[in-house]
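Student: Take this structure first; my questions come after.
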Amino acid sequence: MIQVENVSKQFTLHNQGGAALEVMRGAQLSVAPGECVALVGASGAGKSTLMRMIYGNYLAASGAIRVGALDVVTARPREIIALRREVLGYVSQFLRVVPRVPTRDVVAEPLLALGRPAGEARARAEALLARLNIPPALWELSPLTFSGGEQQRVNIARGFAHEYPALLLDEPTASLDAANRGTVLALIEEAKARGAAIVGIFHDEEARARVCDREVDVSGFAPGAS
Amino acid sequence: MTPLLEVRDLTKRYGPRIGCADVTFELWPGEVLGIVGESGSGKSTLLSCLAGHLAPDTGSVVYDTRANGARDTLTMSEPERRMLGRTDWAFVHQNPRDGLRMNVSAGGNVGERLMAVGARHYGNIRATASDWLGRVEIADERIDDRPSAFSGGMQQRLQIARNLVTGPRLVFMDEPTGGLDVSVQARLLDLIRALVRDLGLSAIIVTHDLAVVRLLADRLMVMKSGRVVEEGLTDQVLDDPQHAYTQLLVSSVLHV
Ligand SMILES: Nc1ncnc2c1ncn2[C@@H]1O[C@H](COP(=O)(O)OP(=O)(O)O)[C@@H](O)[C@H]1O
Ligand SMILES: Nc1ncnc2c1ncn2[C@@H]1O[C@H](COP(=O)(O)OP(=O)(O)O)[C@@H](O)[C@H]1O
Ligand SMILES: [Mg+2]
Ligand SMILES: [Mg+2]
């Protein structure tokens, strides 16, 4: 479902003397439906960078990144927009929302964007928020005023609202207590059971052991590593 | 599917000075395109050329009309173009005074657009106007007041209601949230987003505010000295900018 082939990445910092920062070379990754693969490696090794390239948020310098039938590296913006709407979900580390939009609508948004009926989208949003222990009194409020842990759970609820065939999770359990971490891991297991291909970054080894089928060490893709 | 708008090699000079040069892009149905760049980079010139307010020197602007398919709006007749401006297009000006009739009531400002496309039933027009004032958070009891009695923020919200009431397919916006306080700006961002989604609108939004395009635009074009120097998915351009100028623009703001 997700296939990364020989991908390289560099950042050219034009305003710092044009310094070229080569951060990745020859990256390979393959994730089948129903599988969860963990990206591991020291901080700064390139885990988030690889994930962002799969999402089309960072441009790959070379190589191919196929998600379903689409090569994200050469795809046009509107193809990536459609891919993100229908196929590829992403739970980033930080929540970014339009101010003043109620939490329930933030979570329902991916379903509304797919044209699902508003009632169905809201019901799904509420069910996820309840499971993630966001009290109903908060559903009417913008998540921008919430604590870090609450924002993260809203972010996760939004990421799981639509049953994406492929999912990217950047430290989804980072600031959660044991109970909520358990819920997130259960959501991941359910997504795998329905056939989602998942790439995850988890600092928590226990979480990795429970939901991930394999680990890929991105340090192996450092320029000069091989 | 065909593009709603196909722009080719659009150039507009003011004497020796470049307004915008060699601009080429497509806009697809349902897409929101953001145009960013510092003051004087040609954003307003480009938008005015696209909307037919300004005649470019060269280039073409092909629009997928409801009735006759793809037509170059630069070569169509003036009445035809004016009709497009009244039915299919909306233009939200930076200064609400340019987009409103200041001596006509708030309800009249909204109702006028409806009447221009054929609405005649007074009760329906007033009800629709009232509904739209509510959507932009203008109290119903202000429906008979003139915009000259409104705050700048209210005027801008009224301009948006006036523009969107007829359900256009393409909305041009020049710094729509420019002079507004933060909470009004937030409500407008939310409103614009919901409208785009629910009505399947396409929009071209000019702004210097990167946070606004991050939240509103699917795609982004970055302009410098009249030319497009970088374009792509909005979050990609902001998070992994390739051009020196875009890198400078992004690094000069704290949080986008
Ligand atoms: N937008 C960017 N511009 C410049 N360098 C970046 C950018 N994003 C990441 N990097 C660099 O790429 C390398 C990998 O970072 P990252 O992917 O965040 O690592 P990890 O997620 O494994 O901690 C680091 O050296 C980081 O500084
Ligand atoms: N009516 C005009 N006459 C002469 N020069 C103009 C006129 N309008 C704009 N310009 C010039 O064209 C360039 C682009 O301006 P403009 O489109 O207003 O930029 P922006 O909207 O990005 O601030 C600037 O150099 C500006 O001085
Ligand atoms: Mg990281
Ligand atoms: Mg301007």
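The values are calculated or read from the model by the stated rules, or taken from the named source; none is laboratory data. Every value quoted in this text rests on a predicted model; they were computed, and no experiment measured them. Here Cβ is always computed from backbone atoms with ideal geometry, including for glycine, and neighbour counts include all displayed protein chains. Each accessible area value is taken on the protein alone, full model and side chains, heavy atoms only, with ligands, DNA and RNA left out. Shrake-Rupley method; radii C 1.70, N 1.55, O 1.52, S 1.80 Å.
Student: Go through A:V97, A:V101, A:V106 for me and flag whichever is at pLDDT 95 or above, more than 16 Å from ligand 4 (Cβ to nearest atom), within 14 Å of another protein chain (Cβ to nearest Cβ) and over 23 Å from A:D213 (Cα atoms).
Tutor: When all the criteria are applied, what remains is A:V106.
Student: Quickly run through the range B:12-35 and pick out the residues that are more than 19 Å from the chain's Cα centre (by Cα), within 17 Å of B:E230 (Cα to Cα) and either within 12 Å of ligand 2 (Cβ to nearest atom) or not in a strand (DSSP E or B) (or both).
Tutor: Scanning the range B:12-35 gives a single hit, B:A21.
Student: Now for a different question. List the pairs whose first member sits in the range A:7-29 and is closer than 16 Å to A:G46 by Cβ and away from chain B (no Cβ under 14 Å), whose second member is open to solvent by 80 Å² or more (accessible area, probe 1.4 Å) and not in a strand (DSSP E or B), and whose Cβ atoms are under 8 Å apart, counting only residues at least 6 apart or on separate chains?
Tutor: A:G26/A:S226
Student: Same structure, new question: Restricting attention to the range B:39-49, does a residue exist that is assigned to a loop (DSSP other than H, G, I, E, B), away from ligand 2 (no atom under 16 Å from the Cβ) and open to solvent by less than 10 Å² (accessible area, probe 1.4 Å)?
Tutor: Taking every residue of the range B:39-49 in turn, none turns out to be assigned to a loop (DSSP other than H, G, I, E, B), away from ligand 2 (no atom under 16 Å from the Cβ) and open to solvent by less than 10 Å² (accessible area, probe 1.4 Å).
Student: Can we say A:R66 is touching an Asp or Glu at 6+ places or on another chain (Cβ under 9 Å) and away from chain B (no Cβ under 14 Å)?
Tutor: yes
Student: Would you confirm, using the coordinates I've provided, whether B:L33 is closer than 27 Å to B:L238 by Cβ, open to solvent by less than 10 Å² (accessible area, probe 1.4 Å) and away from ligand 4 (no atom under 15 Å from the Cβ)?
Tutor: Considered against the rule, which asks whether it is closer than 27 Å to B:L238 by Cβ, open to solvent by less than 10 Å² (accessible area, probe 1.4 Å) and away from ligand 4 (no atom under 15 Å from the Cβ), B:L33 comes out as yes.
Student: Output the number of the condition that A:L132 fails; it satisfies all remaining conditions of (1) within 11 Å of chain B (Cβ to nearest Cβ); (2) among the aliphatic types (A, V, I, L, M); (3) open to solvent by less than 60 Å² (accessible area, probe 1.4 Å).
Tutor: So A:L132 meets the others, but not (1).
So that you can scan it fast, the table gives a plain yes or no per residue for (1) surrounded by 24 or more Cβ atoms within 10 Å (Cβ to Cβ); (2) in the same structural domain as B:G34 (by TED's automatic domain parsing); (3) at pLDDT 90 or above:
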| site | (1), (2), (3) |
| --- | --- |
| B:A149 | no, no, yes |
| B:L158 | yes, no, yes |
| B:P176 | yes, yes, no |
| B:V184 | no, yes, no |
| B:G200 | no, yes, no |
| B:V222 | yes, yes, yes |
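Student: Suppose the filter is more than 14 Å from chain A (Cβ to nearest Cβ), closer than 22 Å to B:L164 by Cβ and either hydroxyl-bearing (S, T, Y) or more than 16 Å from ligand 1 (Cβ to nearest atom) (or both); does B:L54 pass it?
Tutor: Against the criterion (more than 14 Å from chain A (Cβ to nearest Cβ), closer than 22 Å to B:L164 by Cβ and either hydroxyl-bearing (S, T, Y) or more than 16 Å from ligand 1 (Cβ to nearest atom) (or both)), B:L54 does not qualify.
Student: If you don't mind, there's one more thing I want to ask. Looking only at the range A:169-226, count every residue that is more than 16 Å from ligand 3 (Cβ to nearest atom) and β-branched (V, I, T) and tell me the total.
Tutor: Here the count works out to 5.
Student: Condition test on B:T24, is it over 21 Å from B:T234 (Cα atoms) and either open to solvent by 50 Å² or more (accessible area, probe 1.4 Å) or without any contact (Cβ under 8 Å) to a residue 60 or more places away in the chain (or both)?
Tutor: Judged against the criteria, B:T24 is not a match.
Student: Something else now. Might you check whether a residue that is farther than 17 Å from A:S219 by Cα and surrounded by fewer than 15 Cβ atoms within 10 Å (Cβ to Cβ) occurs anywhere in the range A:30-48?
Tutor: Yes, the range A:30-48 contains at least one residue that is farther than 17 Å from A:S219 by Cα and surrounded by fewer than 15 Cβ atoms within 10 Å (Cβ to Cβ).
Student: Output the number of the condition that A:A113 fails; it satisfies all remaining conditions of (1) hydrophobic (A, V, I, L, M, F, W, C); (2) without any contact (Cβ under 8 Å) to a residue 40 or more places away in the chain; (3) surrounded by 19 or more Cβ atoms within 10 Å (Cβ to Cβ).
Tutor: (3)
Student: On the given criteria, is A:G195 farther than 29 Å from A:P33 by Cα and within 19 Å of the chain's Cα centre (by Cα)?
Tutor: Criteria not met by A:G195.
Student: Taking the range A:30-59 as the region of interest, how many residues are away from every other protein chain (no Cβ under 14 Å) and within 24 Å of B:L248 (Cα to Cα)?
Tutor: The number of residues fulfilling the criteria is 1.
Student: Can you give me the number of residues within the range B:171-217 that are assigned to a loop (DSSP other than H, G, I, E, B), within 14 Å of chain A (Cβ to nearest Cβ) and closer than 16 Å to B:D235 by Cα?
Tutor: Number of matching residues: 2.
Student: Can you tell me which residues in the range A:25-83 are in a loop (DSSP other than H, G, I, E, B) and within 16 Å of ligand 1 (Cβ to nearest atom)?
Tutor: A:G41, A:A42, A:S43, A:G44, A:A45, A:G46, A:G56, A:N57, A:Y58, A:L59, A:A60, A:A61
Student: Here's something else I'd like to know. For B:V253, all conditions in the list (1) open to solvent by 40 Å² or more (accessible area, probe 1.4 Å); (2) at the interface with chain A (Cβ under 9 Å from one of its Cβ atoms); (3) more than 18 Å from the chain's Cα centre (by Cα) hold save one; what is the number of the exception?
Tutor: (2)
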